[in-house]
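> Handing you a structure now.
Please treat every number below as a calculation from the coordinates, not as lab data. Given the structure is predicted, the values throughout are model-derived calculations rather than measurements. Positions of Cβ are generated from backbone atoms using ideal geometry, with glycine treated the same way; all protein chains shown enter the neighbour counts.
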Amino acid sequence: MTATAHALIGGSLAAAFPDNPAMGISLAALSHPFLDMIPHWDLGTGWKKKSKIMLFIQASLDLLLGVVLVFLLFGKMVDPLYLALAVFMSEAWDILFMPYLLFNWNFFPFSAFYRVQHALQGKARLPWGILTQAATVTGLVLVLRTIH
Ligand SMILES: [Zn+2]
């Protein structure tokens with residue numbers, strides 16, 4: 001999924017357990033592969049046809065958008081360090097294979113993260129790939145809001 005989608009889920013997990021960072025951060029990390037199994041489109045779709053610079057810029061903007069939205073939505077509910085860690089852990093799986101994509105670091109652990117991620121990705125074309133994602137994120141954020 002897009003970094004924005006992962007960040008929003010990570011942030012809402014932190015907001016669901018504002019006093020339990022161990023829980024929120026673990027769930028944020030665990031949420032990633034499950035979310036990626038839902039058919040979706042993201043900036044990594046067709047990455048072999050993109051220039052590395054373009055991929056890096058797009059991925060960075062995606063991550064930045066996610067961080068801004070998370071702090072706008074949950075910044076007042078959760079300790080900022082906890083929130084930042086939850087977002088980081090929700091993205092960690094993708095961050096860990098970026099060196100493989102960007103620098104061709106085809107060795108452990110980056111290659112392993114790439115292979116796991118590649119095998120798990122549920123792919124869908126636009127616009128469906130964005131709609132499934134928007135529906136999943138909106139649904140999960142709303143459900144998690146009822147916890148706390
Ligand atoms: Zn992913």
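> Step by step: first the residues of the stretch 62-109, then only those that are aromatic (Phe, Trp, Tyr) and exposed (fewer than 13 other Cβ atoms within 10 Å of the Cβ), then the one that is nearest to ILE25 (Cα to Cα). Which residue is that?
The first filter runs over the stretch 62-109 and keeps only residues aromatic (Phe, Trp, Tyr), leaving 71, 74, 82, 88, 93, 97, 100, 103, 105, 107-108.
Of the ones still in play, those that are also exposed (fewer than 13 other Cβ atoms within 10 Å of the Cβ) are 103, 107-108.
On the way: PHE103: 29, PHE107: 27, PHE108: 24 Å.
The extreme case among them is PHE108.
> Just name the residue that is surrounded by the fewest Cβ atoms within 10 Å (Cβ to Cβ) out of those in the stretch 39-56 that are assigned to a helix (DSSP H, G or I) and in contact with a Leu (Cβ under 8 Å, 6 or more places away or on another chain).
Pass one, the stretch 39-56, residues assigned to a helix (DSSP H, G or I): 47-49, 52-56.
Now restrict to residues that are in contact with a Leu (Cβ under 8 Å, 6 or more places away or on another chain): 47, 52, 55-56.
Numbers: TRP47: 15, LYS52: 12, LEU55: 19, PHE56: 14.
Residue satisfying both the conditions and the ranking: LYS52.
> Listed residues GLN133, GLN58; which is under 18 Å from ALA7 (Cβ atoms) and in contact with a strand residue (DSSP E or B) (Cβ under 6 Å, 6 or more places away or on another chain)?
Details: GLN58 fails: in contact with a strand residue (DSSP E or B) (Cβ under 6 Å, 6 or more places away or on another chain).
Just one listed residue meets the conditions, GLN133.
> If I filter the stretch 5-38 down to residues being in a loop (DSSP other than H, G, I, E, B) and more than 14 Å from the chain's Cα centre (by Cα), which single residue comes out as farthest from the ligand (Cβ to nearest atom)? Spell out how you get there, then give the answer.
Initially, the stretch 5-38 is screened for residues in a loop (DSSP other than H, G, I, E, B), giving 17-20, 38.
So of that shortlist, the ones also more than 14 Å from the chain's Cα centre (by Cα) come out as 17-20.
Values: PHE17: 22, PRO18: 25, ASP19: 28, ASN20: 25 Å.
Of everything passing the filter in the stretch 5-38, ASP19 is farthest from the ligand (Cβ to nearest atom).
> Exactly one condition in (1) buried (at least 17 other Cβ atoms within 10 Å of the Cβ); (2) over 12 Å from the mean Cα position of the chain (by Cα); (3) of a type in the set (A, V, I, L, M, F, W, C) is false for ALA59; which is it?
Result: ALA59 passes all but (2).
> Scan the stretch 26-48 and report the pairs whose first residue is of a type in the set (Phe, Trp, Tyr) and whose second residue is assigned to a helix (DSSP H, G or I) and more than 10 Å from the ligand (Cβ to nearest atom), with Cβ atoms within less than 9 Å and a gap of 6+ or a chain change.
Correct list of pairs: TRP41/TRP128; TRP41/GLY129; TRP41/ILE130; TRP41/THR132; TRP41/GLN133; TRP47/LEU55; TRP47/LEU101.
> If you scan the stretch 110-148, which residues turn out to be outside any helix (DSSP H, G or I) and either within 15 Å of the ligand (Cβ to nearest atom) or under 16 Å from ILE9 (Cβ atoms) (or both)? Give the derivation first.
Kept after step one, since they are outside any helix (DSSP H, G or I), are these residues of the stretch 110-148: 121-127, 146-148.
Correct list: GLN121, GLY122, LYS123, ALA124, THR146, ILE147, HIS148.
> When you scan the stretch 39-60, how many residues do you find that are within 15 Å of the ligand (Cβ to nearest atom) and among the aromatic types (Phe, Trp, Tyr)?
Of the residues in the stretch 39-60, 2 are within 15 Å of the ligand (Cβ to nearest atom) and among the aromatic types (Phe, Trp, Tyr).
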